[in-house]
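Structure first, commentary second.
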Amino acid sequence: MILLSRRIHDKIADFAMRLNYVVYLILNPFRFKKFPKNVNRILVVELLQLGDLLVITPALKALKNKFKYAKIDVLVNDRTKDLLYGNNNINKILIIKDFNTLVKDLRKDKYDLGIILHPGSLKISLALLLGKVKYRIGCAKVGLLSGKGFFLNKKIKPNLRWQHKIQDNLDVVRSIGADIDNIRLEVYTDEKSRMYIKDLLKNNNITKNDLVIGIHPYSKHYTQRWYEDRFSELADNLIKNYNAKIIFTGAPGEENYTNSIIQKMKHKSINLVGKTNIKQFIALMDNIDLLISVDTSAVHIASALNKPVIALFGPTIPQFWGPTSDKSIAIWKSSVCTGCRRYYCAIKTHECMKSITVQDIKSSIDKILKK
């Protein structure tokens with residue numbers, strides 16, 4: 001019944017996107033403006049989470065390939081800005097502040113093209129209009145109640161296929177002739193962060209000969225979490241049967257959850273939760289041999305570095321958010337109630353994550369390590 005209601009919701013959302021597009025075609029006065037002949041300054045807007053920002057990097061590369069001499073700036077929130085460090089497709093990273101400051105900054109930089117990926121809210125699209133961005137396009141695929149960019153000159157025709165969010169973002173820039181074959185995500189770090197991680201691993205007696213497995217167990221959404229006792233059992237098994245060095249990773253504020261896992265373990269592991277910033281976390285991911293994670297940005301960071309990933313999915317959908325590295329496996333039990341995309345469990349059983357067993361992950365590890 002829950003799955004049926006979710007599918008009905010999806011159909012309504014699809015209809016809403018189609019209807020919104022038809023209204024745009026009929027009533028939007030901004031769509032008649034011609035695309036600028038010269039594009040020298042481009043602004044890309046992505047204001048959601050770390051994972052959302054990371055999956056726009058192929059679109060940024062496609063834009064740079066299309067507009068080789070244009071300067072591409074990206075508007076982000078303060079907590080995600082370091083994820084774009086070192087990306088050569090970007091000229092400048094802008095941090096969103098208040099509405100009036102944003103409009104003032106946009107006017108000063110005189111953008112020829114604005115691309116809204118997320119969010120396509122009335123407020124953001126209005127800011128680009130008032131900021132005198134000459135031509136505005138968007139938005140990436142969004143939900144039923146999400147903003148869809150009222151003040152756009154070009155709105156993307158809805159693509160209702162199930163596809164990765166990388167492709168959703170590329171669909172936006174494809175509408176202006178920008179595309180790319182290599183859709184590998186991009187992340188970079190600095191030497192200072194690499195040295196910090198090198199010393200951290202050395203202090204924890206990790207060498208280049210060790211099998212290093214990272215476990216990223218926490219999600220801020222409880223429906224996307226697996227179970228502490230199963231993580232403990234899995235980590236102990238990896239240490240015993242693979243002689244692996246286990247590193248638990250996570251952001252500040254996630255320590256209690258991981259501590260509870262470690263306390264249930266029989267073997268010693270390494271707890272680096274809360275001990276890395278974004279650049280350091282990227283350097284850490286570059287030093288592991290395998291990542292096991294719930295649906296978080298860690299999956300995409302490891303994928304960008306082409307590290308093997310085993311990602312655990314329940315309420316979210318791997319076709320949209322799954323790992324993209326060469327050796328990666330998304331575990332998702334479609335035979336039970338999955339893919340609701342809710343932050344609470346409507347049937348109160350958490351069946352989607354409960355159905356994932358320790359043996360499921362062990363079998364996936366065997367497949368990856370034998371490749």
Quiz item: Among the residues of the range 281-312, which ones are in a loop (DSSP other than H, G, I, E, B) and free of Cβ contacts under 8 Å to residues at least 40 places away in the same chain?
Solution: 307
Self-check item: Matching option when the condition is buried (at least 17 other Cβ atoms within 10 Å of the Cβ), in contact with a Pro (Cβ under 8 Å, 6 or more places away or on another chain), closer than 30 Å to residue 301 by Cα and at pLDDT 95 or above, among 170, 102
Solution: 170
Quiz prompt | Any hit, the range 272-279, residues being of a type outside the set (A, V, I, L, M), under 20 Å from residue 186 (Cβ atoms), touching a strand residue (DSSP E or B) at 6+ places or on another chain (Cβ under 9 Å) and touching a residue at least 60 places away in the same chain (Cβ under 8 Å) | solution = no
Exercise. Collect the residues in the range 160-175 that are touching a Ser or Thr at 6+ places or on another chain (Cβ under 8 Å) and assigned to a loop (DSSP other than H, G, I, E, B), keeping them in residue-number order.
Key: 164
Self-check item: Conditions (1) modelled with pLDDT of 95 or more; (2) on the phi > 0 side of the Ramachandran plot: number failed by residue 278
Solution: (2)
Self-check item: Pick from the range 264-276, criterion over 15 Å from residue 234 (Cβ atoms) and in contact with a Ser or Thr (Cβ under 8 Å, 6 or more places away or on another chain), ranking: surrounded by the most Cβ atoms within 10 Å (Cβ to Cβ)
Solution: 273
Quiz item: Taking only pairs six or more apart or across chains, which ones have beta-carbon atoms under 9 Å, a first residue in the range 355-371 that is farther than 19 Å from residue 326 by Cα, and a second residue that is of a type outside the set (A, V, I, L, M, F, W, C) and loosely packed, with under 13 Cβ neighbours inside 10 Å?
Solution: 355/335
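The values are calculated or read from the model by the stated rules, or taken from the named source; none is laboratory data. Because the structure is a prediction, the values reported are computed rather than measured. Here the Cβ is made from the backbone with ideal geometry for all residues, glycine too, and neighbour counts use every protein chain on show.
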